[in-house]
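A.B. asks: Questions regarding the structure given below will be posed in turn.
The values are calculated or read from the model by the stated rules, or taken from the named source; none is laboratory data. As the structure is a computational prediction, the values presented were derived from the model and not from experiment. Because the Cβ atoms are built from the backbone with ideal geometry, glycine has one as well, and the counts that use them run over all protein chains shown. Accessible surface areas use protein heavy atoms only, side chains included; no ligands, DNA or RNA. Shrake-Rupley method; radii C 1.70, N 1.55, O 1.52, S 1.80 Å.
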Amino acid sequence: MEPKQWYMEYKIHKNRPGLLGDIASLLGMLEVNILTINGVEDRTRGMLLQTDDEEKIELLGKMLRKVENITVNTLRPPRLTDILAVRHGRYIERDSDDRKTFRFTRDELGLLVDFLGELFKREGNQTIGLRGMPRVGKTESIIAGSVCSNKRWAFVSSTLLRQTVRSQLSDEEMNPNNVFIIDGIVSTIRSNEKHYALLQELMAMPSTKVIEHPDIFVRESQFDYDLFDCIIELRNTPDEEISYENFTTAGLSDEF
């Protein structure tokens, strides 16, 4: 049987000396390998484990439930958010109502770039929305995530340096393995028919598309929110409002 990874997370009620050593010794006796370990949030520890015997994981869970100083919160095959929580020592915030919406602040750009990099490594078709106010780091994070995933990126529309509205891409740029960066405002409000035809072709490709300002993109096109596999929100501060009050179909403030 091929080795599988598991994510274990437990809450510490009494952090007595030797507690981690006891748990590590138990894992060692079961021949369950610890790949990564880190503190995650307040008095919570996460571990990325590996074993080729699922029964050992079941046994581990039963045994740890008898340890009074801890409570096992999670013992499951790892999700991407679990791996990043152990790697960075903090959880990615998710919307309580819409579980496919993830929230970051500017001081978490390293975590965001790592998250995007892992998403970009996935094969096949996926569309990611990225909300945020001007100059918060949206485009820069996408480019850095592309570098982390060893993927090339192609600007379809952008305002990073100057307004970019592409009507065609080269054969090399049209590679489905690339990450396509789309500004939802430019592509729907400031574009032309040739650009929109290119956009339609790209949206049908089995590739990764990242759309900045997804709400405007949905409002001004025939696409809906079902298009998005996940939506990321990036703010300068946790309480910053992402506002589109200055957006109109006739024109947009130059700062956007």
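A.B. asks: ³J(HN,Hα) across region 51-64 via Karplus (A = 6.51, B = -1.76, C = 1.60, θ = phi - 60°), whole Hz, x for Gly/Pro?
C.D. replies: Per-residue couplings from phi come out as 7, 9, 10, 5, 5, 5, 5, 4, 5, 4, x, 5, 5, 6 Hz.
A.B. asks: What accessible area per residue, rounded to a whole number of Å², is obtained for region 170-210 using a probe radius of 1.4 Å?
C.D. replies: I get 42 Å² per residue for this part.
A.B. asks: Let me ask something else about it. Can you list residues from other chains, or at least 5 along the same chain, whose modelled amide H is less than 5 Å from the amide H of Val179?
C.D. replies: Answer set, sorted by chain and number: Arg152, Trp153, Ala154.
A.B. asks: Another question, then. How would the chain be classified by its alpha-carbon gyration tensor: rounded, prolate or oblate, with rounded meaning a/c under 1.5 and the a/b versus b/c comparison settling the rest?
C.D. replies: Prolate, because a/c is 1.5 or more and a/b exceeds b/c.
A.B. asks: Please tell me the relative contact order of region 146-213 in percent, rounded to the nearest whole number, where contacts are Cα pairs under 8 Å and at least six residues apart.
C.D. replies: 35 percent
A.B. asks: Here's something else I'd like to know. Using each residue's phi in region 14-23, evaluate 6.51 cos²θ - 1.76 cosθ + 1.60 at θ = phi - 60° and report the 3J(HN,Hα) Karplus result to the nearest Hz, with x for Gly and Pro.
C.D. replies: The phi angles translate into 9, 7, 6, x, x, 4, 4, x, 5, 5 Hz.
A.B. asks: With all protein chains present, calculate the accessible area of His13 using a 1.4 Å probe and round the result to the nearest 10 Å².
C.D. replies: 110 Å²
A.B. asks: By how many nm would the segment from Met63 to Arg99 lengthen if fully extended, with 0.36 nm per residue of separation less the alpha-carbon distance?
C.D. replies: Length gained, Met63 through Arg99: 9.8 nm.
A.B. asks: Can you pull out the GluC sites (Glu not before Pro) in region 125-225 whose DSSP state is coil and whose Cβ has at most 13 other Cβ atoms within 10 Å?
C.D. replies: Answer by residue number: Glu172.
A.B. asks: Report the charge-dipole magnitude of region 92-249 in Debye, nearest 20, computed about the Cα centre from +1 at each Lys and Arg Cβ and -1 at each Asp and Glu Cβ.
C.D. replies: 420 debye
A.B. asks: If a/c stays under 1.5 just call it rounded; otherwise compare a/b with b/c (prolate if a/b is bigger, oblate if not). Do that for region 4-82, with a ≥ b ≥ c from the square roots of the Cα gyration tensor eigenvalues.
C.D. replies: Oblate shape, in that a/c is at least 1.5 and b/c is the bigger or equal ratio.
A.B. asks: For the charge dipole of region 130-247, defined by +1 on Lys and Arg C-beta atoms and -1 on Asp and Glu C-beta atoms about the Cα centroid, which residue among Pro238, Asn178, Thr188 has the Cα displaced farthest towards the positive pole?
C.D. replies: Toward the positive end, the furthest listed residue is Asn178.
A.B. asks: Tell me the relative contact order for the chain as a rounded percent, counting alpha carbon contacts under 8 Å between residues six or more apart.
C.D. replies: After rounding, I find 19 percent.
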